[in-house]
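Data block below; observations after.
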Amino acid sequence: MRLSAWIEEFLLSLRVEREATPRTVETYRWCLRDFEVFAGKQNGGTVLITHFTEETCRAYQYDLAARGLQPNSIRVRLATLGSLGRWALKRGRVPRNPVDLLTRPRRKTRLPRVPRWEVVERLLVESNRPRDRALIALMCFGGLRRSEIVALDVGDVAPDFGLRRVRGKGGYEAAVPLPMVARGILAEYLIRERAEANGIEPLFVSRYKTKGSQWVAGRMKDHRVWKIVRAIGERTGIPELHPHAFRHSCGVELLRRSGGNLRAVQEHLRHSDIQTTTVYTRLTQYDLQKVVSTFDTERNGERDSRPSPHGT
């Protein structure tokens with residue numbers, strides 16, 4: 001039996017049993033297809049289920065490292081194979097999961113690049129189009145991901161609360177409160193650009209040309225959000241700006257203003273695991289510089305020069 005048949009059956013179970021989003025299924029498909037291509041080169045042709053072995057998986061891991069992939073990327077590829085192995089093991093297709101026998105690379109802790117809050121506020125002021133301001137407001141005050149933004153309908157906006165429904169990863173849905181400033185920005189956008197839309201229409205739309213050179217409007221795609229944010233960054237002198245940076249800024253600023261309330265930040269950002277939220281407890285270089293500058297403050301003020309009681 002071909003391995004590709006197993007993969008399609010596994011992907012079907014992801015959609016039906018685990019209710020995985022189309023984007024998640026495509027990510028799995030892409031990663032498993034990459035392994036299948038590698039195994040085909042290793043075995044000189046058709047890849048059978050008998051080729052899904054510890055030896056082939058280990059050789060694939062070495063090949064990923066030789067291609068220059070980062071440890072975290074290799075971990076993702078192996079995790080995808082591991083999911084396929086667990087699925088096959090649960091159904092009695094394999095005696096053991098071949099990926100369980102591999103030594104995975106260490107997870108690298110990488111601090112995200114976070115725009116300072118004053119920079120975020122400046123971007124809101126300098127953005128002239130209501131649509132751009134609404135996008136930034138949802139990302140920096142609501143912590144929304146690109147995929148969550150483009151899935152919003154006009155009826156999801158609750159003027160006195162924020163958002164009635166946000167569809168997140170894995171089909172997860174939640175209501176997201178927004179501060180008054182963000183609700184005001186959304187209200188302005190709705191009045192000026194979506195006044196004629198009904199509740200079931202998309203909140204954000206984009207216009208594009210069809211093959212027949214006709215202009216049509218449809219639900220905005222997440223890659224379009226990325227391009228809009230990049231354009232904002234280019235105009236304001238921050239070429240490295242990207243949509244997820246606003247989500248990070250939201251987490252850092254909310255943690256600071258809540259006095260370190262990790263649970264509140266976890267709930268607002270809709271993290272399933274609080275370990276993901278703890279990354280925002282790390283001091284940024286800017287914050288560390290402010291703390292260290294207290295030494296300068298002490299030098300400029302009066303300081304008790306008497307030795308401490310313990311002589312230290």
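The values are calculated or read from the model by the stated rules, or taken from the named source; none is laboratory data. In this text, all values refer to a predicted model and were calculated from it rather than measured experimentally. Ideal geometry is used to build each Cβ from the backbone, glycine not excepted, and the neighbour counts take in all protein chains shown. The area values use the complete protein model at the heavy-atom level, side chains included, leaving out ligands, DNA and RNA. Shrake-Rupley method; radii C 1.70, N 1.55, O 1.52, S 1.80 Å.
Listed residues A231, A182, A245; which is among the small types (G, A, S), in a helix (DSSP H, G or I) and touching a Pro at 6+ places or on another chain (Cβ under 9 Å)? Only one candidate passes the filter, namely A245.
Looking at L32, L81, just one residue is touching a Cys at 6+ places or on another chain (Cβ under 7 Å) and either among the small types (G, A, S) or within 12 Å of I7 (Cβ to Cβ) (or both), and that residue is L81. Being surrounded by fewer than 21 Cβ atoms within 10 Å (Cβ to Cβ), under 18 Å from the mean Cα position of the chain (by Cα) and either at pLDDT 95 or above or not in a helix (DSSP H, G or I) (or both) is a property that A137 lacks. Could you grab me the full set of residues in the stretch 50-64 that are of a type in the set (F, W, Y) and touching a residue at least 12 places away in the same chain (Cβ under 8 Å)? Selection gives F52, Y60. Kindly evaluate R131 against the criterion of being open to solvent by 20 Å² or more (accessible area, probe 1.4 Å) and not in a helix (DSSP H, G or I). No, not satisfied. The residues of the stretch 11-26 that are modelled with pLDDT of 85 or more and either open to solvent by less than 70 Å² (accessible area, probe 1.4 Å) or farther than 30 Å from R146 by Cα (or both), listed by number, are L11, S13, L14, T24, V25. Within the stretch 205-251, the set of residues being surrounded by 19 or more Cβ atoms within 10 Å (Cβ to Cβ) and among the charged types (D, E, K, R) comprises just one member, R247. L163 satisfies every condition listed in (1) touching a strand residue (DSSP E or B) at 6+ places or on another chain (Cβ under 8 Å); (2) loosely packed, with under 14 Cβ neighbours inside 10 Å; (3) among the hydrophobic types (A, V, I, L, M, F, W, C) except (2).
Could you grab me the full set of residues in the stretch 66-81 that are in contact (Cβ under 8 Å) with a residue 24 or more places away in the chain and assigned to a helix (DSSP H, G or I)? If the condition is that a residue be in contact (Cβ under 8 Å) with a residue 24 or more places away in the chain and assigned to a helix (DSSP H, G or I), then P71, N72, I74, R75, V76, R77, L78, T80, L81 are the ones that fit. Filtered by the rule that a residue be without any contact (Cβ under 8 Å) to a residue 40 or more places away in the chain and out of contact with any Ser or Thr (no Cβ under 6 Å at 6 or more places or on another chain), the stretch 28-48 gives R29, W30, R33, E36, V37, F38, G40, K41, Q42, N43, G44, G45. Entry remark, the stretch 147-160: residues being touching a strand residue (DSSP E or B) at 6+ places or on another chain (Cβ under 6 Å) and either free of Cβ contacts under 8 Å to residues at least 24 places away in the same chain or crowded, with 21+ Cβ neighbours inside 10 Å (or both) number 3 in total. Of I49, I74, all but one fail to be over 27 Å from the mean Cα position of the chain (by Cα) and either open to solvent by 20 Å² or more (accessible area, probe 1.4 Å) or within 30 Å of C250 (Cα to Cα) (or both); the exception is I49.
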